[in-house]
Amino acid sequence: MSQKHSFQAEVAQLLHLVTHSLYSNKEIFLRELVSNASDACDKLRFEALENNALYEDAPTLEVRVSFDTEARTLTIADNGIGMSQQEAIDHLGTIAKSGTREFMHKLSGDQKADAQLIGQFGVGFYSGFIVADRITVESRRAGLPPEQGVRWVSGGAGDFEVEALTLPQRGTRVILHLREDATEYLSSWKLKSIIAKYSDHISLPILMRKETWKEGEDNQPGQMVLTDEWEPVNQASALWTRPRKDVTPEQYQAFYQQISHDSEAPLAWAHNRVEGSTEYTQLLFIPAHAPMDLWNREKSAGVKLYVKRVFIMDEAEALMPVYLRFVKGVIDSADLPLNVSRELLQESRDVRAIREGSTKRVLSMLEDLAKLEKDEAASEEDKAKYGKFWSEFGAVLKEGLGEDFGNRDRIAKLLRFHSTQADAPTVSLADYKARMKEGQEAIYYITADTLAAAKNSPQLEVFRKKGIEVLLMADRVDEWALNYLTEFDGTPLQSVAKGAVDLGTLQDEAEKKATEEAAETFKPVLERLKASLKDKAEDVRVTSRLVDSPACLVATDGGMSTQLARMLKQAGQ
Ligand code: ADP
Ligand code: MG
């Protein structure tokens, strides 16, 4: 007896899009289904650490891809964790992934643009409907008795049907009933080339039936026919376990694209075997552009932890500090115990060592990119890389000033700012220092809601007049982050919006005298202003910081700046 269920509204909407957008890279459906099969095997391996019986009598995990020309079906089968009936209903009928949901919100309604977006992003299981007008999934969860298998069938419209099924073998078979225009996928050659392109790095074997040449009889032409023998069609060695010299840049890029679903090549990567008290392999990538959920500090991380090629977790903060959440990659350690809970792993000394080592590695990758920027011999493309990185991720990196005290100096060197002398965010603190006026004792900066507001602030008047550069900051995080950076290379940072900016020796005697005289002359005015503003202003004084404007608000030295106060007020504090 089969039961009918409706898709969650969002799924129906997504399916409509998938089936109505004809687009150029249809073939990504195979990447998505193979990666689900591989994930299912990873999950089995992980659960089996505590319950070896889950392997039943088939301990070798694998994915089989096969097709039937007559029936026009393409099947992707795995012997991974499988799904119970309820899991099939839940996981294949709703969108649980926040990433996919965010993707949906990005949809523009423009078919071509949206189609391209799916191509880059992948929509997981539902990608199958790009090439299939019906999908049958047969699955049995590892550990459940054979009669508790499930068959799930859908034509990709509003609903799907589910019924019980007896399946002697655990795992999942996804059977695609191919559309008329998807006949090209009924070909070993075609399938192999797609697998080589997207799934070569999958660390378990992907098998296909071997083909053999059969001579034609009675003057018929010969042809390739399928045999009953299965052969692996991928390398099946986790890319990161290979020596660096055996991996080509193309393979690194393809691996990056597989783990990140990013269609663009990464800006940089680092592949190292780290020796020492904790030994591990790290393969880390810096993407070229920010993902849609960059500002979600809670999202799962881009770095996955493996122990001897068994996937353990991708919990963000255990492996990478939050301010490096844009990094993608893999860390594999042989030293960690396999059979330990995720909670314990997070507290392990080895994991801490890995996190510290990986943080330093990422910072040195960034330092290398920053060096290329000034390297005469570098290509234009290489020179542009750090600027690209900064515009995508600079605001995130700044969080590190407050989060990672141990690396604060290194982070400070990586910062880039707009300034009163630079219209692009290209000024490093070292550049600024090199341009400081004689007698200038501080690095001056101003924070505001927008760059335009910063630039036009009356607080800058005196600095302009004297030709002193001021860093302009308008990222939301600046105010907070700059609290943690009080000096750079021995020079204090000073907000021009705080206290009586002391221009020190930059102010000449005549100016000082003029200010003092003015303070005398205006004493009665100041007294009156102070009295009438007594609950609102702590002090009212004559200043030399203004040139054209009559008055401005400043914060006290130790107090919050006006910008921070405004932010807190907005946040309801
Ligand atoms: P994602 O893989 O990112 O979670 P998908 O849309 O690709 O999203 O898959 C949705 C869910 O369906 C998976 O999270 C998993 O629970 C389940 N699933 C899909 N394919 C398989 C499979 N081959 N074996 C077991 N579960 C699967
Ligand atoms: Mg998936």
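A compact table of results
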| item | result |
| --- | --- |
| Relative packing of peptides 31-44, 180-193, 211-224, 320-333 - highest average C-beta neighbours within 10 Å first | 320-333, 31-44, 180-193, 211-224 |
| Projected-area mean, segment 23-76, by convex hull of Cα positions, square nanometres | 5.0 nm² |
| Whole-Å distance, taken between Cα centres, linking segment 401-431 and segment 214-229 | 68 Å |
| In order through segment 385-394: 3J(HN,Hα) via Karplus (6.51 cos²θ - 1.76 cosθ + 1.60), integer Hz, x for Gly, Pro | 5, 5, x, 5, 4, 4, 5, 7, 10, x |
| Of LYS197/LYS245; LYS43/LYS383; LYS413/LYS466, pairs whose Cα-Cα distance is over 30 Å | LYS43/LYS383 |
| Interchain or long-range residues, amide H under 5 Å from LYS304's placed H | GLY329, VAL330, ILE331 |
| Whole-Hz couplings from phi, Karplus 6.51/-1.76/1.60, listed for segment 377-382; x for Gly and Pro | 7, 6, 6, 4, 4, 5 |
| Percent of Cα-Cα distances greater than 18 Å, calculated over segment 408-455 | 34 percent |
| Ordering of 6-15, 372-381, 138-147, 471-480 by packing [mean C-beta count within 10 Å, highest first] | 471-480, 138-147, 6-15, 372-381 |
| Largest to smallest principal axis extent of the C-alpha atoms in segment 157-280, angstrom | 66, 46, 33 |
| For segment 349-362, Karplus couplings with θ = phi - 60° (6.51, -1.76, 1.60), whole Hz, Gly/Pro x | 5, 5, 5, 4, 5, 5, 5, 5, x, 6, 4, 4, 5, 5 |
| Rg to Rh quotient for segment 350-470, alpha carbon positions, Kirkwood Rh | 1.02 |
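We did not get these values from a lab; they are worked out from the coordinates using the rules stated. What you are looking at is a predicted structure, and each value in this text was computed from that prediction instead of being measured. Heads up, the Cβs are rebuilt from the backbone with ideal geometry, glycines too, and the neighbour counts pull from every protein chain shown.
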